[in-house]
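Chemist: I have a structure I would like to understand better, so I am pasting it below and will then ask my questions one at a time.
The values are calculated or read from the model by the stated rules, or taken from the named source; none is laboratory data. A quick note: this is a predicted structure, and the numbers were derived from the prediction, not measured. Every residue, glycine as well, gets a Cβ built from its backbone with ideal geometry; the counts of neighbours run over all protein chains shown.
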Amino acid sequence: MSHTCEFINNFMEGKMEKDKNNISLQISQVKKKLLNYTYIIFKINAVSEEISDLASTIESQRELKSKQLTGMPTGYGISDSVATAVEKIIDVYSSEYSRLENELRNLINQKLEVEELLNSLDELERRVIEYKYFKKYKWWMVANAIGYSESDTKRRCRKILEKIIKDGTL
């Protein structure tokens, strides 16, 4: 009987260790998402600009193609091979445009996910997250900004991250 109890205790300790590792892994994943927030905003702006540039390019290629299709003399002398090449270019650009739109949609969803998380936190919790993960302050700087000791600030941040995991917000 005592052998069975020892087995159960060992099993439970292993489970507890596994849970601690799981929480640590989840905290690492949440930290990564929070640290990536400013990059996501940067990337959204870059992809939006790229989409805008690509849309202008596609439109100019369509104008070039439409000159050939109208049948009206324009003096441009666009041949069938050029029109075919323009068509292929438009197809490639359109494909790239679709890819960028999907990327933008994914980035916006990631951004909204983090913003939803921030809205679920109280003011102090939000400030700790913003200072540490968005502005990338050192711990002493975060502590100074919120008026707590460095050790209290680290403890609070850990509790905030655990709260996020518990709530399943992120």
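Chemist: In this structure, is Thr70 surrounded by 10 or more Cβ atoms within 10 Å (Cβ to Cβ), of a type in the set (Ser, Thr, Tyr) and at pLDDT below 90?
Modeler: Working: surrounded by 10 or more Cβ atoms within 10 Å (Cβ to Cβ): no; of a type in the set (Ser, Thr, Tyr): yes; at pLDDT below 90: yes.
No: the conditions fail for Thr70.
Chemist: For the stretch 147-170, what are the residues that are on the phi < 0 side of the Ramachandran plot, surrounded by fewer than 16 Cβ atoms within 10 Å (Cβ to Cβ), at pLDDT 95 or above and of a type outside the set (Lys, Arg)?
Modeler: Across the stretch 147-170, the qualifying residues are Ser149, Glu150, Ser151, Asp152.
Chemist: Here's something else I'd like to know. Any idea which of Ile58, Ile78 is surrounded by 10 or more Cβ atoms within 10 Å (Cβ to Cβ) and at pLDDT 75 or above?
Modeler: Numbers: Ile78 fails: at pLDDT 75 or above.
Residue meeting the stated conditions: Ile58.
Chemist: Which residues, counting only those in the stretch 94-135, are at pLDDT 95 or above and either at positive phi or of a type in the set (Gly, Ala, Ser) (or both)?
Modeler: Within the stretch 94-135, no residue meets the criteria.
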